[in-house]
Amino acid sequence: QVQLVESGGGLVQAGGSLRLSCAASGRTFNIYAMGWFRQAPGKEREFVAAIRWSGSSTDYADSVKGRFTISRDNAKITVYLQMNSLKPEDTAVYYCAATRSPRPLRAQYDYWGQGTQVTVSS
């Protein structure tokens, strides 16, 4: 079992920046990848970004590529999402996820955090 706790969400003006963090605990050994998903009201949860725990492979949704950057801290078993040039359409609950199974980085994940709210005002 893996527990994931997100932090760093909040209210920001359009064009501003936020940095989300996700700390993993519990049975964290052999985590293959961690990623970020988001869900806006009335919409399905969608993929945002992901990174392999070993190596530098990353993947980003087209809507955030060039604006968001995912990174990791192996020692702390923590993943970050640096969000720049935020737009109102980025408003959503952002969820951290992790998996032990090798798979494409955009695939479904096994463990989920509770989410952190990101609100971007016009």
Whole-number accessible area per residue in Å² for region 4-106, which is evaluated in the context of all protein chains at 1.4 Å: 50
Mean Cβ count within 10 Å, highest first, over the residues of peptides 73-81, 54-62: 73-81, 54-62
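Sequence gap at least 6, Cα distance under 8 Å: using those rules, report the relative contact order of region 1-75 to the nearest whole percent.
Reported relative contact order: 20 percent.
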Gain on full stretching of the segment that runs from E46 to V5 - 0.36 nm per residue minus C-alpha separation: 12.9 nm
Ordering of 86-97, 36-47 by burial proxy (mean other Cβ atoms within 10 Å per residue, highest first): 86-97, 36-47
Added length on full extension, which subtracts the Cα-Cα distance from 0.36 nm per residue, T119 to R103: 2.7 nm
Region 1-98, accessible surface, carbon-and-sulfur percent (1.4 angstrom probe): 45
Nitroxide proxy distance, nm - points 7 Å out along Cα→Cβ at S63 and K87: 0.9
Residues S54 and W112, FRET efficiency given R0 of 22 Å [Cβ-Cβ distance, rounded to 0.05]: 0.55
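Note the full-extension length gain between A75 and R19 as 0.36 nm times their separation in residues minus their Cα-Cα distance, in nm to one decimal.
Full extension from A75 to R19 adds 18.3 nm.
The values are calculated or read from the model by the stated rules, or taken from the named source; none is laboratory data. Not measured: the values here are computed from a predicted model. Don't worry about glycine lacking a Cβ; one is built from the backbone with ideal geometry, like all the others, and counts go over all protein chains shown. Keep in mind that these areas ignore ligands, DNA and RNA; they rest on the heavy atoms of the full protein, side chains included. Shrake-Rupley method; radii C 1.70, N 1.55, O 1.52, S 1.80 Å.
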